[in-house]
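Inspection log for the structure reproduced underneath, given as structure tokens.
A short reminder: the numbers here are calculations on the coordinates, not readings from a lab. Predicted model only: the values in this text are computed from it and were never measured. Backbone-built Cβ (ideal geometry, glycine too); neighbour counts: all protein chains shown.
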Amino acid sequence: MKEKITPHLQRKIRDGSNAIASQFQVQSTLGDNVTPNDPLGEETLFSPAKGIVHKYPNRVLWKTTYHCAAHCQFCTRIRQIGSPDGDLEDADIISALCYIQSHPEIDDVILSGGDPLVVPQTSMRIIAGLRNIPSVRVVRIGTRLPIHSPKSIGSPQVKMVFRELQACADNFQTYVLVHVNHPDELDYEVVDAIRTICAHSFPILSQTVFLKNVNDKEDVLEELFKKLYYMGVVPYYIYRCDYVKGLEQFVCDIVREREIMTTLHKRMSGIALPQYIIDVEGVGKIPVPLGFWDVPDITRCRDYQDKIVQL
Ligand code: SF4
């Protein structure tokens, strides 16, 4: 994936943050001839309309764009990020809305991407359409813009999206999901950006990815989750990094991940602790049992339909 780094992140790299450099600078070890795969089978298995991923009965993920303010080099969707192929025309939006409307079991829509806040006009059209679908009770908006470019959160276009979501308060509940991986990402500008979102009265939750040599240490994650908790952001998920061809250097050892999360459960308040999750191709999200129980084989588990899965 092409390197794309905002001035905000550049400054942090210049100030010596290795955690930011490792996430955003292109690693010379990556082979140019590697074609990244679709590790979760999003397009191949679960996409009934352009942009829509429908894996679990009651919720859909809606990829509003393939663009982001900066490119995270570990991204699960590295195959798509930065491409105009994910741009949605009005006809695409209408057909995705029709799909959701014709599936009244869908009550929860996750706007993702790319980053929905870098395409405010598209997001506004989608939100306005979702407002007219009575079965939709929750809209979650996943973003990394506060980390990539905190000042953009105060831009008139982004404010417009938040105001539109506020105007839908009688139709559905909005949650904002911020992707954040390391305490270095939470400087005072980012904290201000998150406070700006809080001022719109949406609950804010965080999502984190385990990244080798970035955050695979107890102290680093403890600091991250505590900083989030102190500012009113509830740590929601920490994911095992998906296996994407060419990006194996970001994937941590699963035994070590479980050890870290077990230690953190002993040290921290429950509300400050995210759920540790593996997203398995063709299966979905599975919570990983921590070291409090005698689980003989951590490479075998059950999915949400109770089927056995070999990791
Ligand atoms: S912001 Fe999210 S979608 Fe965009 S490059 Fe980073 S991880 Fe991927």
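What residue among Ala21, Tyr66, Ala49 has its Cα farthest toward the positive end of the dipole of the range 1-89, where the charges are +1 on Lys, Arg and -1 on Asp, Glu, each on the Cβ?
Selected residue: Ala21.
Just how large is the dipole of the chain about the Cα centre, in debye to the nearest 20, putting +1 at every Lys and Arg Cβ and -1 at every Asp and Glu Cβ?
The dipole magnitude comes to about 460 debye.
Can you tell me which of 82-90, 182-190 comes out highest on packing, and rank the rest after it, using the mean Cβ neighbours within 10 Å?
The packing order, highest mean first, is 182-190, 82-90.
What number, in percent, do you get for the relative contact order of the range 81-210 if the mean sequence gap of Cα pairs under 8 Å and at least 6 apart is divided by its residue count?
24 percent
Semi-axes of the equivalent ellipsoid for the range 1-115, please: Cα gyration tensor eigenvalues, times 5, square-rooted, ordered largest first, whole Å.
With the √(5λ) rule applied to the range 1-115, the semi-axes are 32, 15, 13 Å.
Pulled fully out, how much extra length does the chain show between Asp87 and Arg267, if you take 0.36 nm times their separation in residues and subtract their Cα-Cα distance?
60.4 nm
Using helices alone, what [θ] at 222 nm do you get for the chain, with -39,500 (n - 2.57) per DSSP H run of 4 or more residues, divided over all residues and rounded to the nearest 500?
Result for the chain: -9000 deg cm²/dmol, rounded to the nearest 500.
Run the numbers on the chain and let me know its relative contact order in percent, using alpha-carbon pairs under 8 Å that are six or more apart.
It rounds to 15 percent for the chain.
Please list the helices of the chain that count as membrane-span-like by this rule: a mean Kyte-Doolittle hydropathy of at least -1.0 together with Cα atoms stretching 24 Å or more along the helix axis, each helix being a complete DSSP H run.
none
Cβ neighbours within 10 Å, averaged per peptide: list 101-108, 257-264, 145-152 in order, most packed at the top.
Top of the packing list down: 145-152, 257-264, 101-108.
Looking at the chain as a GNM with Cα springs under 10 Å, which of Gly282, Gly16, Gly232 has the largest mean-square fluctuation?
Gly16
Can you report the principal axis dimensions of the chain using only the alpha carbons, biggest first, rounded to whole angstrom?
48, 47, 45
For the range 241-263 and the range 280-311, write down the distance between their C-alpha centroids in whole Å.
Taking the Cα centre of the range 280-311 as reference, the centre of the range 241-263 is 15 Å away.
How high is the relative contact order of the range 1-159, in percent, with contacts defined as C-alpha pairs under 8 Å that are six or more residues apart?
25 percent
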